[in-house]
Amino acid sequence: MSAAFVTGGSSGIGLEAARQLASAGHDVALFARDPDKLLAARNSILNDAPSRRIEIFPVDVSERDTMLAAIDRALDIFGAPQMAIASAGIAEPGLFTEQSLALHEEHMAVNYFGSLYFTRAVSDAMITAGGGKIGLISSGAAFFGIYGYGAYAPSKFALRGLAEVLHLELGHKGIGITLCYPPDTDTPQLAAENRTKPVATQKITKGGGLWSAQDVAAALIEGMNKDKFVVTPGFQIGALHRLTSLIAPALRWHQKRIIRKEEP
């Protein structure tokens with residue numbers, strides 16, 4: 001079986017996806033910033049799939065040249081992947097007037113451009129090899145505007161737009177695109193996110209349930225294997241995907257009611 005490439009592979013959904021892909025028989029290339037966390041992830045995966053080859057590539061996905069060079073090294077080792085998942089991402093909620101322009105740029109650099117660089121490189125290799133499957137991770141924040149997500153949501157809206165185009169342009173070339181909209185997921189990123197959420201944002205986003213990274217990764221991989229374009233784990237995310245145009249006005253009204261109460 002051919003390889004799987006995963007960004008953000010040192011923790012959260014990326015790590016769990018890599019673990020499941022290795023257990024399914026794939027050799028895996030892991031991309032993430034922290035070398036120590038990558039090594040720990042590699043060892044953890046090998047505990048579950050000792051016969052697989054797991055290679056790590058410490059890299060910041062937002063740095064185009066180094067990211068493309070890292071993918072080239074992985075391609076030299078494994079050849080074109082059969083499965084590729086762009087899971088690297090950041091989320092730092094806060095108010096638009098209080099967050100720096102640099103933070104907005106960082107969200108786009110990691111969440112959108114990091115996924116773009118990865119997808120472009122692996123898709124070129126996949127086309128040459130005859131096809132493959134690519135998984136992209138958006139967010140429920142890409143369905144409608146959410147108070148406190150001025151830096152994060154636009155990057156996920158952009159990724160949603162990219163996926164819509166790639167689904168049309170790459171399908172006839174043998175590449176399946178799957179776009180996942182995870183609900184709140186129990187990951188280190190969510191823990192970091194919760195530290196900067198405005199009070200109103202906490203109230204707006206509560207009640208959606210909490211999924212495990214393992215379950216979200218499983219839903220994504222199943223969707224990729226079934227050539228689904230959209231994966232919406234959970235009833236609420238599925239409803240948002242299907243009914244956003246109908247319920248968005250009510251959701252905006254609900255948010256404004258909370259904002260008036262909780263924020264000066």
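D for the chain, whole µm²/s, Stokes-Einstein with Kirkwood Rh over alpha-carbon pairs at 10 °C and 1.306 mPa s: what number? Walk me through the numbers on the way to the answer.
Details: Rh = 18.7 Å.
Reported coefficient: 85 µm²/s.
Could you tell me how far the Cα centroid of region 47-79 sits from the Cα centroid of region 146-188, in Å? Answer, in whole Å: 22. Volume per residue of the convex hull around the Cα atoms, evaluated for region 111-233, comes out as 101 Å³.
Every helix of 4 or more DSSP H residues in the chain counts as -39500 (n - 2.57), and over all residues that averages to -17000 deg cm²/dmol at 222 nm.
Of the beta bridges DSSP finds with both residues in region 4-262, what % are antiparallel, to the nearest 5? Intermediate values should be presented prior to the final figure.
Values: 0 of 28 bridges.
Close to 0 percent.
What the phi angles of region 139-145 give under the Karplus curve with 6.51, -1.76 and 1.60, with θ = phi - 60°, is a coupling list of 6, x, 6, 8, 8, 7, x Hz, glycine and proline written as x. Which whole-number percent of Cα pairs in region 1-116 have a distance greater than 20 Å? Above the 20 Å cut-off, region 1-116 has 40 percent of its Cα pairs.
Between Glu98 and Leu39, 0.36 nm times their residue separation minus their Cα-Cα distance comes to what? All intermediate terms of the calculation are to be shown ahead of the outcome.
Details: separation 59, 0.36 × 59 = 21.24 nm, distance 3.64 nm.
Additional length available on full extension: 17.6 nm.
The average projected area of region 63-129, computed from the convex hull of its Cα atoms over all directions, is 5.0 nm². Remark: Ser23, Ser138, Ser123 ranked as Ser23, Ser123, Ser138, counting other beta-carbon atoms within 10 Å and listing the fewest first.
Taking a 24 Å limit on the Cα-Cα distance, which of the listed pairs Lys203/Lys228; Lys156/Lys228; Lys133/Lys197; Lys37/Lys228; Lys203/Lys226; Lys156/Lys206 fall beyond it?
Working: Lys203/Lys228 32 Å; Lys156/Lys228 19 Å; Lys133/Lys197 34 Å; Lys37/Lys228 31 Å; Lys203/Lys226 36 Å; Lys156/Lys206 20 Å.
Flagged as over cut-off: Lys203/Lys228; Lys133/Lys197; Lys37/Lys228; Lys203/Lys226.
Amide H contacts for Phe5 (H built 1.01 Å from N in the peptide plane; partners 5 or more residues away or on another chain; cut-off under 5 Å): Ala29, Met83, Ala84, Ile85. Along region 37-45 the Karplus relation, 6.51 cos²θ - 1.76 cosθ + 1.60 evaluated at θ = phi - 60°, assigns HN-Hα couplings of 5, 4, 5, 5, 5, 4, 5, 5, 5 Hz to successive residues, with x for each Gly and Pro.
When the chain is treated as a Gaussian network with alpha carbon springs shorter than 10 Å, the biggest mean-square fluctuation among Ile127, Ile221, Ile13 belongs to Ile127.
Coordinate-derived values only; no laboratory data. Fair warning: this is a prediction, and the values are worked out from it, not measured in the lab. Neighbour counts are summed over all protein chains in view; Cβ atoms, including those assigned to glycine, are modelled from backbone coordinates with ideal geometry.
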